[in-house]
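**Student:** Can you read through this structure? Questions will come right after.
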Amino acid sequence: MASLSPPEETAAAAASFHHRRSKRYSSSTTNGVEPVPDKRHKISPPPSFISPSEIESEFSHHDPAFARINNGSFGSCPSSVIAAQRDWQLRFLRQPDRFFFDELKPNISASRAAIKRLINAEHEDEVSIVDNATTAAAIVLQQTAWAFREGRFDRGDAVVMLHYAFGSVKKSVEAYVSRSGGEVIEVQLPFPVNSAEEIVNRFRTGLALGKANGRKVRLALIDHVTSMPSVVIPIKELVKICREEGVDQVFVDAAHGIGCVDVDMKEIGADFYTSNLHKWFFAPPSVAFLYCKRSGGDAGDNLHHPVVSHEYGNGLAVESTWVGTRDYSAQLVVPSILEFVNRFEGGIDGIKRRNHESVVEMGEMLVKSWGTQLGCPPEMCASMVMVGLPVSLGVSSETDAVRLRNLLRERFSIEIPTYFRPPGQGEGEIDSITGYVRISYQVYNKPEEYHRLKDAVNELVRDGFKCSETSYFEGQ
């Protein structure tokens, strides 16, 4: 049968055929015979990563009126993980007996196994899941307090910690260590920080003070990323120094750890390490892990959950899976979180890298506009950075810093922590900047949110605003 195609289409089709044929029988052929394709070298289509619109959908429950550049305080949880959490809650409410007796422990164990792989721990029983890093600190410090009270530590033996330790952890040290007869040595750190060497030298001085007069340093409590002011601490080097100086145990408080900085238990080498999952790892509030390194016996020997329940005495990891009737759903969604982060190029490592690059870029944009400085070199920040505020704002006390934070939230719809830096903290100091903001960057953030902060502060400067002017706040 004759072709029904128009002549020009027939010619085009023929040309296309000859073009394809000439490519098929190129120099790679032998005697005009096309070779069999090598399936081993088949090119796979590029992976499909999460799109900007899908990211917006995952965080569409955020208030769109606010510039939310404070992920470091409370974290963020995507809609897909919230849905998974709701499924776990409904499974409990639908059939509580089956859930608690048959499903809870094995599924918490699955979360622990996932965390063990993430942090490169040696054994799953080195990982316990708890409410938050504050609970983890109470567990470790409770053990220290018992050692003092039972006479295993001498009164006056020292616990060394950083001056910039989180406030609730400082309170726990006061409650457990000071009341039990331990001496607390706070290592004073400079701010702004110019180099990791400054921190190392100050820490060595603190350890020497702890060992003065024949005392022993029983515990070193070190932040991985300090909260306010925010600085990444050279944790591996400090742990190594502790080993060289004979410190009994090292506890790393990394509330901002997983999802923000590299977390590898074998490389860090601490005895205890805790990190929240709800700050930078997209978990719903609140959930954290506590790593307890095996040493001789089982991991977590002599460590107990502060809430005593039916599993007491079965090891910390097991004790923590049952602390009475409560909502365990935040502990059960770790596999769902992994599904979410793996939708991004590079997974959690790619997220960390891009967040770091973005927060540094936004911080440098702000200091250029305000004529100020960052609180540390870019390599000493992770997904948060301290940015100096214009001196003309007159931040002269913690009360001033709180007033400014409230003003930025209520008048400009910007969520941002503010920090008062008392003058005279640096050696040979000539710096007059006493006010800082801490900006965070997470996957849902956009540059325009930081430009809104820039414009708001510049507007206050143009208006001649001073933090000390209480009448200004009373008029808002």
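**Student:** Tell me, how many Å apart are the Cα centres for region 436-465 and for region 123-198?
**Tutor:** 35 Å
**Student:** Which FRET efficiency value, to the nearest 0.05, is calculated for Arg411 and Lys236 with the Förster distance at 41 angstrom and r the Cβ-Cβ distance?
**Tutor:** Details: r = 43 Å, r/R0 = 1.06.
That pair, Arg411 with Lys236, gives E of 0.40.
**Student:** Applying the Karplus parametrisation 6.51 cos²θ - 1.76 cosθ + 1.60 with θ = phi - 60° to the phi angles of region 54-63, what ³J(HN,Hα) value in whole Hz is obtained for each residue in order, glycine and proline being reported as x?
**Tutor:** These are the phi-based 3J(HN,Hα) values: 5, 4, 4, 5, 5, 10, 5, 6, 5, 5 Hz.
**Student:** Now a separate question. Which whole-number value in Å² is the accessible area per residue of the chain, probe 1.4 Å?
**Tutor:** On the way: 22930 Å² over 476 residues.
Normalised by residue count, the accessible surface of the chain is 48 Å².
**Student:** Provide the net charge surrounding Trp322, with neighbours chosen by a C-beta distance below 12 Å and charges set as Lys +1, Arg +1, Asp -1, Glu -1.
**Tutor:** Working: positive: Lys105, Arg326; negative: Glu311, Glu319.
For residues surrounding Trp322, the net value is 0.
**Student:** Checking the cross-link filter: which lysines have an alpha carbon closer than 28 Å to that of Lys216, excluding same-chain neighbours under 8 positions apart?
**Tutor:** Once the sequence-local lysines are set aside, what remains near Lys216 is Lys170, Lys171, Lys236, Lys240, Lys266, Lys293.
**Student:** Next question, about the same structure. Going by alpha carbons, how many degrees (0 to 90, nearest 10) lie between the helix axis of 167-176 and the longest principal axis of the chain?
**Tutor:** Taking the Cα atoms of the chain, the angle to 167-176 is about 50 degrees.
**Student:** Right, next: On a C-alpha basis, how far is the centre of region 61-122 from the centre of region 266-336 in Å? Whole number, if you could?
**Tutor:** Answer, in whole Å: 14.
**Student:** Then there's this: How large is the charge dipole for region 361-421, taken about the Cα centre, if only the Cβ atoms of Lys, Arg (+1) and Asp, Glu (-1) carry charge, to the nearest 20 debye? Could you put the intermediate results ahead of the total?
**Tutor:** Numbers: 6 positive and 7 negative charges, 44 e Å.
Using only the charged Cβ atoms, the result is roughly 220 debye.
**Student:** Continuing with the same structure: If R₀ is 35 angstrom, what is the calculated FRET efficiency for the pair Ser295 and Arg202, using the beta carbon separation as r and rounding to 0.05?
**Tutor:** On the way: r = 28 Å, r/R0 = 0.81.
Step by step, r from the Cβ atoms, then E = 0.80.
**Student:** For region 328-334, just list the computed ³J(HN,Hα) in residue order, Karplus coefficients 6.51, -1.76 and 1.60, θ = phi - 60°, integers in Hz, with x standing in for Gly and Pro.
**Tutor:** Each residue of region 328-334 in turn: 9, 4, 4, 7, 9, 9, 4 Hz.
**Student:** Mind checking the angle between helix 133-149 and the chain's longest principal axis? C-alpha axes, 0 to 90 degrees, to the nearest 10.
**Tutor:** The helix 133-149 is inclined about 30 degrees to the chain.
**Student:** Using only the alpha-carbon atoms, how far is helix 447-462 inclined from the longest principal axis of the chain? Give it as 0 to 90 degrees, nearest 10.
**Tutor:** Roughly 50 degrees, rounded to the nearest 10.
**Student:** Considering only protein heavy atoms and a 1.4 Å probe, what is the carbon-and-sulfur percentage of the accessible area of the chain? Please report the intermediate quantities before stating the final value.
**Tutor:** On the way: 11500 of 22930 Å².
It is 50 percent, rounded to a whole number.
**Student:** How far, in nm, would the chain grow between Ser392 and Ser168 when pulled straight, counting 0.36 nm per residue and subtracting the alpha carbon separation? Don't jump to the answer; show the numbers that get you there.
**Tutor:** On the way: separation 224, 0.36 × 224 = 80.64 nm, distance 3.22 nm.
Difference between extended and current length: 77.4 nm.
**Student:** Rank Trp88, Trp146, Trp280 by accessible area, highest first, at a 1.4 Å probe radius? Please list the in-between numbers first.
**Tutor:** Values: Trp88 30, Trp146 75, Trp280 0 Å².
So, going from the largest accessible area down, we get Trp146, Trp88, Trp280.
**Student:** Moving to a separate point now. Of Ile185, Ser76, Asn213, which is farthest on the positive side of the dipole of the chain, counting Cα position, with +1 on Lys and Arg Cβ, -1 on Asp and Glu Cβ, and the Cα centre as origin?
**Tutor:** Value: Ser76.
**Student:** Antiparallel as a % of all DSSP beta bridges within region 106-254, to the nearest 5?
**Tutor:** Numbers: 1 of 15 bridges.
So the antiparallel bridges amount to about 5 percent of the total.
**Student:** Determine the relative contact order of the chain: mean sequence separation of Cα pairs under 8 Å and six or more apart, normalised by residue count, in whole percent. Can you show the working numbers first?
**Tutor:** On the way: 784 pairs, mean separation 86.8, N = 476.
Taking the mean separation of contacting Cα pairs over the length of the chain, I get 18 percent.
**Student:** Explain nothing, just the number: dipole magnitude of region 100-241 about its Cα centre with +1 on each Lys and Arg Cβ and -1 on each Asp and Glu Cβ, in debye rounded to the nearest 20. Don't jump to the answer; show the numbers that get you there.
**Tutor:** Working: 18 positive and 17 negative charges, 92 e Å.
Using Cβ point charges on Lys, Arg, Asp and Glu, region 100-241 gives about 440 debye.
**Student:** If you don't mind, another one. What figure in square angstrom, to the nearest 10, would you give for the accessible area of Lys236 with a 1.4 Å probe?
**Tutor:** About 110 Å², rounded to the nearest 10.
**Student:** Using modelled amide H (1.01 Å from N, peptide plane; none on Pro or chain starts), what sits under 5 Å from the amide H of Ile185, excluding residues fewer than 5 places away?
**Tutor:** Val159, Val160, Met161
**Student:** Now for a separate question. What does the helix-only formula give at 222 nm for the chain: each DSSP H stretch with n ≥ 4 adding -39500 (n - 2.57), the total divided by the residues, and the result rounded to the nearest 500 deg cm²/dmol?
**Tutor:** Helix-only estimate at 222 nm: -12500 deg cm²/dmol.
**Student:** Could you name the lysines whose alpha carbon sits less than 20 Å from that of Lys446, not counting residues in the same chain fewer than 8 places away?
**Tutor:** Those lysines meeting the cut-off are Lys279, Lys352, Lys368, Lys454.
**Student:** Assigning unit charges at the beta carbon (Lys, Arg +1; Asp, Glu -1) and nothing else, what dipole magnitude in debye, to the nearest 20, does the chain show about its Cα centre?
**Tutor:** Values: 52 positive and 61 negative charges, 134 e Å.
It works out to roughly 640 debye.
**Student:** Of all beta bridges DSSP finds with both residues in the chain, what is the antiparallel percent, to the nearest 5?
**Tutor:** On the way: 20 of 40 bridges.
Counting DSSP beta bridges with both partners in the chain, the antiparallel share is about 50 percent.
**Student:** Using amide H atoms built 1.01 Å from N in the peptide plane, name the residues 5+ places from Ala67, or on other chains, whose amide H lies under 5 Å from its own.
**Tutor:** Amide H neighbours of Ala67: Ile414, Glu415.
**Student:** A follow-up question, please. State the answer as a single residue: which of Trp88, Ala401, Pro447 lies farthest towards the positive end of the charge dipole of the chain, with beta carbon charges of +1 for Lys and Arg and -1 for Asp and Glu, about the Cα centre.
**Tutor:** Trp88
The values are calculated or read from the model by the stated rules, or taken from the named source; none is laboratory data. A quick note: this is a predicted structure, and the numbers were derived from the prediction, not measured. Note that each Cβ is placed from the backbone with ideal geometry, even for glycine, and that neighbours are counted across all protein chains shown. Accessible surface areas use protein heavy atoms only, side chains included; no ligands, DNA or RNA. Shrake-Rupley method; radii C 1.70, N 1.55, O 1.52, S 1.80 Å.
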